[in-house]
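What follows is calculated from the coordinates using simple rules that are stated; it is not laboratory data. Source: prediction; values computed, not measured. Virtual Cβ from ideal backbone geometry, glycine too; neighbours counted across all protein chains shown.
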Amino acid sequence: MNKQSSPVKKVVKGDGSTPQTEDNASKDTADSTTAEPKTEETQVQQEQSSANKPLHNTGEESKKIPAKSTQIPVVAPNQPKKEQGQKIVYLTFDDGPGKHTEKILEILNRYQVHATFFMVGRQLSGYEQAVRDSHEAGNYVGLHSMSHSKKKLYDGDGSGAFIKEFTQEQKLMKQILGYSPTLIRAPYGSKPEIGYNFRGDIAKAGFKMWDWTVDSKDWKYPNSPDRIVKEVKRQTHRDVEVILMHEKAQTIKVLPQIIEYLQKKGYTFAVYKPDQHFSVNFGKDPRL
């Protein structure tokens, strides 16, 4: 059995998570790994670099901007609390709740580990008990929009439709769980659709947003679950990892193998906690 000694001590019941739909999931990674326009990234980098630097005599902030990183995944100004040399992994599951939710919970319970779920609002009806079970087992239930529709969320002018959907889902989650989750995951990832101003609107609405550092590509290999394991092994090398998975049959087949591999690599499993939030977004934006 694996110790639940994450940066988050044991596990506290959390808020939400959401998954992706079958027809949409395959586009997630391609969209999210597209480089963000340099002008937006520069704005964030200026915020980060100036925060810890003295002002010039003129009163202006330092203009020095770090070189742009070629590495897509993430992670930002804060890091989770962890002991010296400790490696931490966050398992995340998108596109629930559904027929696979309870089986995932069963596997997590068997290994005594926890996860962060990002659930879709339109799928909550009929699966309210699965949502409650996820929370009561010590997992965090986050938000993944009402529709999981790229057209509805991103084709409009600005962030209005996006924030409206997440606010709506947040209210539904409160009815089910008794509190309002604040952690969201943008369908298809935050790149390239969500820019600097868009991210600012999300922050002003009171949400935090996670992307991921490892894409298991379980959406891509429905008939080749071994490829999912290979992707996880290939991409997992950081001290802190956030692994993207989905509530799918092929994921269930290899989840025990993935957990056992991560245990052998010395990772401690953690669950998201709002009071220990750290940034994991492709824009490297400390506001989220």
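A few comments on the model shown:
- Radius 13 Å from Cβ of S224, net charge of other residues (Lys, Arg +1; Asp, Glu -1): +3
- Whole-Hz Karplus values for region 111-124 come out as 8, 6, 10, 10, 9, 10, 9, 10, 9, 8, x, 5, 9, 5 Hz, taken residue by residue from phi with 6.51 cos²θ - 1.76 cosθ + 1.60 and θ = phi - 60°; glycine and proline positions read x.
- Label zone of S125 (point 7 Å out along Cα→Cβ, amide N under 16 Å): in region 165-188 this covers 168-173, 175-176.
- Listed pairs K208/K230; K233/K253; K191/K230; K191/K253; K174/K264 exceeding 26 Å between Cα atoms: K208/K230; K191/K253; K174/K264
- Taking a ≥ b ≥ c as the square roots of the eigenvalues of the Cα gyration tensor, region 161-288 is prolate, since a/c reaches 1.5 or more and a/b is larger than b/c.
- Amide proton proximity set for M119, modelled H, under 5 Å, gap of 5+: S17, T18, G142, L143, H144
- Theoretical FRET efficiency, 1/(1+(r/R0)^6), r = Cβ-Cβ of Y261 and Y179, R0 45 Å, to 0.05: 0.85
- Cα gyration tensor shape of region 85-158, rounded if a/c is under 1.5, else prolate or oblate by comparing a/b with b/c: oblate
- In terms of packing, defined here as the mean over residues of other Cβ atoms within 10 angstrom, the peptides 147-153, 135-141, 122-128 line up highest first as 135-141, 147-153, 122-128.
- Sum of side-chain charges, T213 neighbourhood, beta-carbon under 11 Å (Lys, Arg +1; Asp, Glu -1): -3
- Cα-based shape type of region 89-245, given that a ≥ b ≥ c are square roots of the gyration tensor eigenvalues and the cut on a/c is 1.5: oblate
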